[in-house]
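Any read-out appearing in this document is the output of simple, stated calculations on the displayed coordinates, not a laboratory observation. Remember, predicted model here, so these are calculated numbers, not experimental data. Backbone-built Cβ (ideal geometry, glycine too); neighbour counts: all protein chains shown.
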Amino acid sequence: MTNTPLISIIIPTYNRTHLIGETLDSVLAQTYANWECIVVDDGSTDNTDEVLKNYCQKDERIQYHHRPIDRPKGANACRNYGFELSKGKYIQFLDSDDVLESFCFEERVAYYLRDSSLDLLIRDTGLLNDSVKIYKSINKDPDKSDRENYLRLFLCYDIPWHTSSCLYSKKLLNICRFDENLSRFQDVSFNIKILSTFKNIKLLRDFKIDTFYRVDKHKIYNTNFRNKVLHSLLDFYKIHSDLLNTKEFKPEFRKFNNKIINEFVIPFFNKNKKRSNQVFLWSIKSGIYNFETKILFLLMMLFMNLGIFKIKGIGMYRFYKTFSLKIN
């Protein structure tokens, strides 16, 4: 029926037996009934198979698939594969620990029914503290909520919305997919593709919380997570080299790179020297910084490798402060 279009919900999962049940329960609780839920397993080693078998038996709208062995490991390949299997007119991506309000799909579809030309609906996402919903939005908005300004926020790594915040028209995914080689910056890169490819995209921003995102506060201290960030960073720049080489967006890329250096490179330099030095070298060679800043990067890289900041002295303190100010 035209007034109840099919929504395809795509969920990648990996060893989330303890959490995915809560996500699927929130899908089953939807007041809107015309949906299919496609769960794609990235090679779980827990009892995800058993849990999903039970949910598939409980409701035939839930499908369970495994990532094909010829696709690279990672959530992006699972999302793309899930999309290839999907039949819906609208696409909803969820992480396997997200939770929905029961009215989520009913209210989201209503916007598309009122305006058939709508391509992208953006709503607010709140936080989950354990399983307690916190009704405070994590979305960020520019002064003017249009395509270019949202694109600039993503390019600054000042993420305006979480993946679950959006309901996408399927036609967007027919052109833009998740990059399967990225292990971090996945949804950032995907939304940059959407916003930079579709210059005339019709988007609507609605300020109501209907999804919840579970934050892992300890993730940044996980060595594997930090390694993936630095490993993915240069791949991310390659993927978006067309924008990177555009003078118009260089200030945004500087902010992006500065955040990574301040949050991941400098504080944890000794735990990942190889990747950290690669980021420093890329910064020095790139065209997004002026000559003075490149010299500061070169000196900071040299001092970090020599361990000079361990030597107490007013000169080193001044340099560190100067460097921090210059790249912020």
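How many nm separate the modelled label positions at Lys144 and Asn129, each set 7 Å beyond the Cα in the direction of the Cβ?
So the two model labels end up 3.8 nm from each other.
Using the per-residue mean of other Cβ atoms lying within 10 Å as a proxy for protection, in what order, highest first, do the peptides 256-267, 10-21 fall?
On the way: 256-267: 18.9, 10-21: 20.5.
Highest mean packing first, the order is 10-21, 256-267.
Using +1 at the C-beta of Lys and Arg and -1 at the C-beta of Asp and Glu, which of Pro12, Asn227, Phe185 has the Cα lying farthest in the positive direction of the dipole of the chain?
Highest projection toward the positive end goes to Asn227.
Return a whole-number percent for the relative contact order of the chain, with Cα pairs under 8 Å and 6 or more residues apart as the contact set.
On the way: 498 pairs, mean separation 53.4, N = 328.
Normalised by residue count, the contact order of the chain is 16 percent.
Asn270 to Trp282: extension gain in nm, 0.36 nm per residue of separation minus the Cα-Cα distance? Walk me through the numbers before you get to the answer.
Details: separation 12, 0.36 × 12 = 4.32 nm, distance 1.83 nm.
Result for the pair: 2.5 nm of gain on full extension.
If you project the alpha carbons of the range 223-274 onto their three principal axes, what span does each projection cover, largest first, in Å?
35, 18, 15
If I model a spin label as a point 7 Å beyond the Cα along the Cα-Cβ vector, how far apart are those points for Asn200 and Cys56 in nm?
4.3 nm
Hey, could you get me the Stokes-Einstein D for the chain, Kirkwood radius over alpha-carbon pairs, 37 °C and 0.692 mPa s, rounded to whole µm² s⁻¹? Don't skip to the end; give the middle numbers.
Details: Rh = 21.4 Å.
Using the Kirkwood radius from Cα pairs, D works out to 154 µm²/s.
With label points built 7 Å along Cα→Cβ from the Cα atoms of Lys87 and Asp49, find their separation and express it in nm.
With each label point 7 Å from Cα toward Cβ, the separation is 2.7 nm.
Rounded to the nearest 500 deg cm²/dmol, what is the calculated helix-only ellipticity per residue at 222 nm for the chain, with -39500 (n - 2.57) per DSSP H run of length n ≥ 4? Write out the running numbers ahead of the final one.
Details: 13 runs with 144 residues, N = 328.
Only helices count here, giving -13500 deg cm²/dmol.
Check which residues have an amide H placed less than 5 Å from Asn139's amide H, if you skip close sequence neighbours.
Thr125
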